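**Student:** Sharing a structure, written as structure tokens. Questions coming.
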Amino acid sequence: MSEVVGLDVARDVARFGSKAVGLGDAARAGLPVPPGVALSGAVVEAVASGDEDATAAVLDAVSPLGGPLAVRSSAVDEDGADASFAGQHLTLLNVPSADEVVAAVKEVWWSANSDSAITYRQRVGLFTRPSVGVVVQALLDPASAGVLFTRNPVTGADELIIEASWGLGEAVVAGLVIPDHFRVSRDGAVLDRVPGLKRIAIRTRPDGGTVDEEVPADRAEALCLGEPELAALHELARSCEEVYGPERDVEWAFADGQLFLLQCRAITRIATSGPPSPPVAAEVLGSTRLFGDLDRRELEQIGAVFKERRFRAGETVTQEGTGGAAFYVIESGEADVTIGGEHRRVLRAGDHFGEIALIDEGLRMATITARTDLVCGGLTLWEFRPLVQEHGAIGWKIMQTLARELRSTEEALAAARRHTPAPA
């Protein structure tokens, strides 16, 4: 069997990886998959090693696809129900032509062998030498794209959850926008529509690669899916479950008025498949500056949507100067705080950090590093914002808290100016 095949021929997970075989299953079932080829783990490693025969085989296979292209990882143990490797292995979009595919394949191989990917393997108990295949497909230029869950991944409810944004779906997958959020019943009825905040859209560049394009203000909070698109996604969800089984995590895109399936994998974890993560205690949340004015019931509502996250000793939790979108409460273990390379303090169980990231999406002001194995409760702004939208009283109290902090800061600055001697 060839090590480079069309997607509709890819059947062996051990050779081509989960993503390639999953797309092959879709193609064989007649689902709308962009055309592409699958490269085995062996040929990817050969290309990364500079093997001329392997390189020639890849070029011959991908040339008919033209350009631009999407080059995605397809590791053997990727996209399973226990470990998705989302964000660990590289995806390269808008590779201009077949001539640039070889360099892209090498980058994908290295991403599977990077420090972060190896750390992830250790954490999920898959610490073996990675075998990473690659999928090369014609790249779409979508009007909108996103993800679809065929069961609610937070509550476990038997309903579809759709998250969508303008442009390429990587804006949703990478958390660069607050996507539009839809809940759809099994019979196709739309249960809920919540506009997101989509200030950017990822678009392709003429010379290759992508660019974060600013979205006009009138479209940033406008829903990017209408009734026809939601009906098409409902039908795609049904078809995916017929082909793959229940509880699927689907990536999709609308291009030129047509819906395409980009990826379908098992949902990494359903909330009802085991005991839920314990909510963060109301007493802990009540001690924070952001939530200090909320009553116990409101604190319990917020605490219930926290999710457990674990870090190994020495792992970076937040990095000074990088973007932040999550608030953490330490449940057990210790962490070091450094600012500008200077050690400031040690955080322990009950301490918290990052709450302002829930509001301003700003840069982290400190680096937090796990001193010991660390267990935290984490709350992202993607979960926090819908909660505040649904419970206006919580949002109002938080706004009052922020207003008092702003007034206090302004008064302190005014006092400092009054006591500053005028220049001679």
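**Student:** Please give the peptides 32-44, 333-345 ranked by average Cβ packing (other Cβ atoms within 10 Å per residue), highest first, as a rough proxy for protection.
**Tutor:** With the highest mean Cβ count within 10 Å placed first, the list reads 32-44, 333-345.
**Student:** If one takes the longest principal axis of the Cα atoms in the chain, at what angle in degrees, from 0 to 90 and to the nearest 10, does the Cα axis of helix 392-418 lie?
**Tutor:** For 392-418 against the chain, the angle is about 60 degrees.
**Student:** Nearest 20 debye, what's the magnitude of the dipole of the range 339-424 about its Cα centre given +1 on Lys and Arg Cβ and -1 on Asp and Glu Cβ?
**Tutor:** With only Lys, Arg, Asp and Glu charged at Cβ, the dipole is about 340 debye.
**Student:** Now for a different question. Please give the length that would be gained between E107 and L402 if that part of the chain were fully extended, namely 0.36 nm times their separation in residues minus their C-alpha to C-alpha distance (nm, one decimal). Let's see the in-between values first.
**Tutor:** On the way: separation 295, 0.36 × 295 = 106.20 nm, distance 4.43 nm.
Fully extending the segment from E107 to L402 adds 101.8 nm.
**Student:** So what's the angle, to the nearest 10 degrees on a 0 to 90 scale, between helix 381-390 and the longest Cα principal axis of the chain?
**Tutor:** On a 0 to 90 degree scale, this one is about 60.
**Student:** Counting only heavy atoms of protein chains, what accessible area per residue, in Å², does the chain have with a probe of 1.4 Å?
**Tutor:** Counting only protein heavy atoms, the per-residue value for the chain is 47 Å².
**Student:** Another question, if that's okay. Under the rule a/c < 1.5 gives rounded, and otherwise a/b versus b/c splits prolate from oblate, where does the range 273-424 land using the Cα gyration tensor?
**Tutor:** oblate
**Student:** Using only DSSP helix segments of four residues or longer, with each worth -39500 (n - 2.57), what per-residue ellipticity at 222 nm results for the chain after dividing by its residue count and rounding to 500?
**Tutor:** About -9500 deg cm²/dmol.
**Student:** Still on this structure, I have one more. Among G156, A29, F353, which residue has its Cα furthest toward the positive end of the charge dipole of the chain, with +1 on Lys/Arg Cβ and -1 on Asp/Glu Cβ?
**Tutor:** F353
**Student:** Sequence-distant or interchain residues sharing an amide H contact under 5 Å with L262, placed H: which?
**Tutor:** Those qualifying (amide H under 5 Å, at least 5 residues apart or on another chain) are E251, W252, A253.
**Student:** Given a 1.4 angstrom probe, I'd like the percentage of the accessible area of the chain that is carbon and sulfur, rounded to a whole number.
**Tutor:** Accessible surface attributable to carbon and sulfur in the chain totals 53 percent.
**Student:** Per 0.36 nm of contour for each residue apart, how much would the distance between A415 and R297 grow if the chain were fully extended, relative to their Cα-Cα spacing?
**Tutor:** Gain in length upon complete extension: 38.7 nm.
**Student:** With axes computed from alpha carbons, what is the tilt in degrees of helix 18-28 against the longest principal axis of the chain, rounded to the nearest 10 within 0 to 90?
**Tutor:** Once rounded, the angle reads 60 degrees.
**Student:** Follow-up. Quick one: dipole size for the range 203-249, taken about the Cα centre, charges +1 on Lys/Arg Cβ and -1 on Asp/Glu Cβ, in debye to the nearest 20. Can you show the working numbers first?
**Tutor:** Working: 5 positive and 13 negative charges, 27 e Å.
I would put it at about 140 debye.
**Student:** Please give every one of the aspartates and glutamates within straight-line cross-link reach of K19, meaning a C-alpha to C-alpha distance under 14 Å, and leave out same-chain neighbours fewer than 8 residues apart.
**Tutor:** Straight-distance partners of K19: D8, D77, E78, D79, D249, E251.
**Student:** Right, next: With charges only on Cβ, +1 for K and R and -1 for D and E, what is the dipole size of the chain about its Cα centre, in debye, rounded to 20?
**Tutor:** Once rounded to the nearest 20, the dipole reads 1140 debye.
**Student:** Describe numerically, in nm with one decimal, the distance between label points set 7 Å from Cα along Cα→Cβ at D187 and at D141.
**Tutor:** Once both label points are built, they end up 4.2 nm from each other.
**Student:** Relative contact order for the chain: what is it in percent, counting Cα pairs under 8 Å that are at least 6 residues apart?
**Tutor:** Relative contact order of the chain: 12 percent.
The values are calculated or read from the model by the stated rules, or taken from the named source; none is laboratory data. Because the structure is predicted, anything quoted here is derived from the model rather than measured. Using ideal geometry, Cβ is built from the backbone for each residue, glycine included, and neighbour counts are taken over all protein chains shown. Just so you know, the surface numbers come from the protein's heavy atoms only, side chains and all, with ligands and any DNA or RNA stripped out. Shrake-Rupley method; radii C 1.70, N 1.55, O 1.52, S 1.80 Å.
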